[in-house]
């Protein structure tokens with residue numbers, strides 16, 4: 001598209017309003033201050049003409065993202081078991097676990113939080129998700145209960161290799 005100022009109509013408009021084109025934007029009266037840009041953006045945001053349509057679309061898309069649970073190998077299960085031995089109450093951890101949604105499918109979720117309890121009898125890990133809820137005035141949050149069998153990966157500040165945890169020294173290979 002050509003520059004409007006270089007067209008015949010553009011030159012006519014520039015001639016007609018030449019006396020005010022160079023002026024700056026007028027200041028509003030003190031009684032009605034200028035609206036902040038962040039608030040002005042809300043005026044132009046679209047409205048939801050079909051109530052619940054966005055939720056329906058997102059739930060439809062989420063159902064297509066479901067996957068089957070990946071079975072861990074014996075080595076991976078042993079490594080995960082070694083990591084679970086090191087988890088203590090109050091420790092900050094990152095847990096990746098499988099959440100079942102349908103009969104044989106679900107999704108993998110990563111959760112960063114503080115361990116509330118490790119239940120070896122029921123084989124569950126209870127984690128409170130780290131968030132800004134305290135800043136919002138919400139004091140207590142319910143823990144997420146994760147069965148050991150659904151945990152795919154576990155990481156934390158104090159979780160190391162099992163040899164380091166037990167203090168086992170590695171000897172160099174003799175050939």
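Here are the numbers:
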| quantity | calculated |
| --- | --- |
| The chain, helix-only ellipticity at 222 nm - DSSP H runs n ≥ 4, -39,500 (n - 2.57), divided by all residues, nearest 500 | -7500 deg cm²/dmol |
| For the range 1-95: rounded, prolate or oblate by the Cα gyration tensor [a/c cutoff 1.5] | prolate |
| In degrees, nearest ten, helix 53-64 long axis to first principal axis of the chain (Cα) | 40 degrees |
| Relative contact order of the chain, defined on C-alpha pairs under 8 angstrom at six or more residues apart (%) | 18 percent |
| Value in Å of the Kirkwood radius, where the range 74-166 supplies the Cα pairs that are averaged | 14.1 Å |
| On Cα atoms only, tilt of 74-86 relative to the major axis of the chain in degrees | 80 degrees |
| Computed lengthening from residue 68 to residue 153, 0.36 nm per intervening residue step minus Cα-Cα distance | 29.0 nm |
| The chain: equivalent-ellipsoid semi-axes (sqrt of 5 x gyration tensor eigenvalues, Cα, Å) | 59, 23, 22 |
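Each reported figure results from applying straightforward, stated rules to the coordinates on display, with no laboratory input. The structure presented is a predicted model; accordingly, all values stated were derived computationally and were not measured.
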